[in-house]
Amino acid sequence: MKTFTSLMAGLAAVAVFAGSSFAQAPKPATPQATPAPAPAAQAPAKPAAVKDITGEFVSMDKTAKIVIVKHVVDQKASQMTLSVDEAMLTTLGQLKAGDKVKITYEEMGGKFIAKTIAKA
């Protein structure tokens, strides 16, 4: 019983000294919180580059205002879907599938927007 009491007293003493040493430990220096910088104004979008392709008219969807053209990219046939405006739809009514066309377009927001479409 005497060893048990001695052991308990020793554990209590260790807990008291260890606890006081943790309480007095200096806190590491933390940098002062700086306010987050205001979000920078978005960089102005660079103007879309105008590009030309020559291909074969495939189809047109007047309600969706899109045109599908088949053309060649890196010696592989590919189809491109282009958005068109209302004024172009009347001109495009004269085209039929298989007609060769020359298209000037630009890419904006991941979409191809036709500027001009003419028979080649």
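Taking amide H as placed 1.01 Å from N in the peptide plane, the amide H of D99 sits under 5 Å from that of F57, each at least 5 places away or on another chain.
Can you list the residues of region 70-85 with backbone N under 12 Å from a point 7 Å past the Cα of K111, pointing along Cα to Cβ? Hits in region 70-85 for K111 at 12 Å: 82-85. For the pair S78 and M8, label points projected 7 Å from Cα toward Cβ lie 8.4 nm apart. Residue separation of K119 and I66 scaled by 0.36 nm, minus their Cα-Cα distance, works out to 17.4 nm of gained length. Close amide H partners of K115, meaning residues 5 or more places away or on another chain with modelled amide H under 5 Å apart, are T104, Y105, E106.
Legend: Rg and Dmax of region 50-119, from Cα coordinates, 11.1, 33 Å.
Coordinate-derived values only; no laboratory data. Note that this is a predicted model, so its numbers are computed, not measured. Glycine gets a Cβ as well: all are built from the backbone with ideal geometry, and neighbour counts include every protein chain shown.
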